[in-house]
Amino acid sequence: TQVGSKALALEEIRADMEDFPSLLAHATDHEKLPSILKKDLLPGGLDQRRDENHFHPLHPERDWNTAEWIKSNASLPGMRTGRDIVIFFDTREVLTKGVTLLKSPAGAVLTSDQVPASCERHCECSRT
């Protein structure tokens with residue numbers, strides 16, 4: 001499957017999956033949050049340095065879903081280190097907006113589609 005310019009063995013995320021993640025966590029810098037909330041989450045950001053966005057899939061019923069928890073687990077698939085904001089997106093709503101989500105073998109969720117800001121559920125600052 002192709003995401004951006006990468007050809008990887010990826011599994012499409014569907015709402016009927018057995019291990020469906022109800023939330024997607026995206027780490028970013030606090031300066032970028034207003035633009036994301038106004039113009040949506042763009043693949044690679046405004047400067048389009050990458051072809052895709054990365055997320056960590058979350059299952060609220062079993063994961064500890066706070067920005068501090070995510071920050072303290074820097075090796076989570078799909079999460080970038082050194083970012084001070086975590087945005088949580090509703091996976092089901094993202095899918096209903098026509099966004100294609102693909103899960104990598106490592107567990108990260110990727111998309112080369114624009115993710116509507118309307119799918120954002122909440123944001124948390126993880127600054128110390």
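The values are calculated or read from the model by the stated rules, or taken from the named source; none is laboratory data. Note that the structure is predicted; figures quoted are calculated from it, not measured. Glycine also receives a Cβ, built like all others from the backbone with ideal geometry; neighbour counts cover every protein chain displayed. Heavy atoms of the whole protein, side chains included, go into the accessibility calculation; ligands, DNA and RNA do not. Shrake-Rupley method; radii C 1.70, N 1.55, O 1.52, S 1.80 Å.
Quick check on the range 112-128: of everything there that is modelled with pLDDT under 95 and assigned to a strand (DSSP E or B), which residue is surrounded by the most Cβ atoms within 10 Å (Cβ to Cβ)?
Filtering first and then ranking leaves GLU120.
For the range 8-26, give me the residue count where each residue is touching a residue at least 60 places away in the same chain (Cβ under 8 Å) and open to solvent by 30 Å² or more (accessible area, probe 1.4 Å).
7
For the range 78-94, which residues satisfy the criterion of being open to solvent by less than 40 Å² (accessible area, probe 1.4 Å) and either aliphatic (A, V, I, L, M) or part of a loop (DSSP other than H, G, I, E, B) (or both)?
GLY78, MET79, ASP84, ILE85, VAL86, ILE87, VAL94
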